[in-house]
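Asker: Have a look at this one before I ask anything.
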Amino acid sequence: LREMRHENLNLFLGLFFDSGIFGIVTEHCSRGSLEDLLGNEEVRLDWMFKSSLLMDLIRGMKYLHHRNIIHGRLKSRNCVVDGRFVLKVTDYGFNEILNAQSIETDEEKPEGEGTCKSVAQALKLGMPVEPEHFSEVTLYFSDIVGFTTISALSDPIEVVDLLNDLYTLFDAIIPLHDVYKVETIGDAYMVASGVPTRNGSRHAAEMANMSLDILSLIGSFKTRHMPDLKIRIRIGLHSVRGGEEGLHRIWASSDRWRRRPQAAERSAFGLEDWAGLQVERRRSLHARCMDPLAADARSKDMNYEDVQKSGYLRKHKSMHRRFFVLRAASEHGPARLEYYENEKKFRSKSPVPKKVLNLETCFNINKRADSKNKHMIVLYTRSESFAIAADSEEVQNEWYQAMLDLQCNCKT
């Protein structure tokens, strides 16, 4: 099939089977199927145009028959049209493959009903989508605490494995509740209840129960490449009742979440202690508010509890002063050196370091001096050397000894 080439055959690229899903990979045709084209009232086809499409179909089928290939399920749905309005026959020669794999065809499977199908169909046809109003909806947002730091200390494939393993667990919880998974963007996970299927006033309870199930799984989750790291997630819920929320509003909320997940989550209903709320009972969803000052103090303790040393040092090449933080190994990550633009950035609610250096990957830490800096410390890894400069020998010795102690603890 992969060797068959004809202007009126949709190019067959291959097959895949993953997580119980069998799929066929073919060339994408931007105009959709012939069924879509004929059903689009905004596209008027005269008989000259229709005859051209019929001739394309005849040429494609003639090519197949000359090679003793029987299509067996030809219809307007599996005749696709490309951007040049050339018709191409697809799904040819697949009956034997499907039968051999005991895979149901799309004729035997329901396509699905409701809002999502109608929206998808309209988008395929390039038609405008009219917003549908949903008066009672709950949205769920979550992300991984310290994901930026974890990513900086991991290889790309390790980050992919982490997200895949974690969200595979989340995906398994979705069918147990009356909720709809909207999307995942990076480490952000978004779910809705009450849309696209209305469920009356049950949306908040369904979402809260799903959130509690997710939290119960997080406690036992192990990261493959960092088995000692305890993964923590932030969860935010937002309910609407008596208002007008449409599909467009949900996707707009999703876009805002994609850009600023922490801000979105702080404006929502939190399920973690740091957000100032504790869930005490399931189903009826009783909540007890904490003292905001106590919640803020707890958040700060979580951010600072592993800090061994902090202060301003200079980067070797640029000589710019930056705020450096030396952290010990903890449930939040391995021993590491971080630096921030300034101390204010570090003490913000959602600090993101400019650079993170894992001390476990350092095979040597030395004191050095050159013509510009008399009090340098250089950390060597297999991929780079990173140098910082202190303003005095005393400060250099303090940082150097603290780094050596953490490195020795890592090796032990």
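Throughout, read-outs are computed from the coordinates displayed, never taken from laboratory work. Here the structure is a predicted model, which is why all the values come from computation and not from measurement. As a convention, Cβ positions derive from the backbone with ideal geometry for all residues, glycine included, and neighbour counts pool all protein chains shown.
Asker: Could you pull out the GluC sites (Glu not before Pro) across region 380-412 that fall in loop regions by DSSP (anything but H, G, I, E, B) with no more than 12 other Cβ atoms inside 10 Å?
Answerer: In loop regions of region 380-412 (DSSP not H, G, I, E or B), the sparsely surrounded GluC sites (Glu not before Pro) are GLU384.
Asker: Same structure, new question: Using a Förster distance of 35 angstrom, determine the FRET efficiency expected from the C-beta separation of ARG67 and LEU38, and round it to 0.05. Mind showing how you got there, number by number?
Answerer: Details: r = 28 Å, r/R0 = 0.81.
According to the calculation, E is roughly 0.80.
Asker: What does the C-alpha gyration tensor say about the overall shape of region 296-412? Classify as rounded when a/c is under 1.5, otherwise prolate if a/b is larger than b/c, or oblate. Walk me through the numbers before you get to the answer.
Answerer: Details: a/c = 1.88, a/b = 1.31, b/c = 1.44.
Oblate, since a/c reaches 1.5 and b/c is not below a/b.
Asker: So what is Rg over Rh here for region 115-230, counting just Cα atoms and using Kirkwood for Rh? Walk me through the intermediate numbers first.
Answerer: Numbers: Rg = 16.9 Å, Rh = 16.1 Å.
So for region 115-230, dividing Rg by the Kirkwood Rh gives 1.05.
Asker: Going down the list LYS317/LYS349; LYS309/LYS355; LYS344/LYS372; LYS309/LYS349; LYS50/LYS88; LYS317/LYS355, which pairs span over 24 Å between their C-alpha atoms? Please list the in-between numbers first.
Answerer: Details: LYS317/LYS349 30 Å; LYS309/LYS355 16 Å; LYS344/LYS372 28 Å; LYS309/LYS349 20 Å; LYS50/LYS88 14 Å; LYS317/LYS355 15 Å.
The pairs that break the limit, which is 24 Å between Cα atoms, are LYS317/LYS349; LYS344/LYS372.
Asker: What residues qualify as long-range amide H neighbours of LYS355, i.e. H under 5 Å apart, gap of 5 or more or another chain, H built at 1.01 Å from N?
Answerer: TYR339
Asker: Please state the shape class of region 355-412: rounded when a/c is under 1.5, otherwise prolate if a/b exceeds b/c and oblate if not, all from the C-alpha gyration tensor.
Answerer: Since a/c reaches 1.5 but b/c is at least a/b, the shape of region 355-412 is classed as oblate.
Asker: Can you classify region 5-89 as rounded, prolate or oblate using the Cα gyration tensor, where a ≥ b ≥ c are the square roots of its eigenvalues, rounded means a/c under 1.5, and otherwise it's prolate if a/b beats b/c and oblate if not?
Answerer: Details: a/c = 2.23, a/b = 1.36, b/c = 1.64.
It comes out oblate by the Cα gyration axes.
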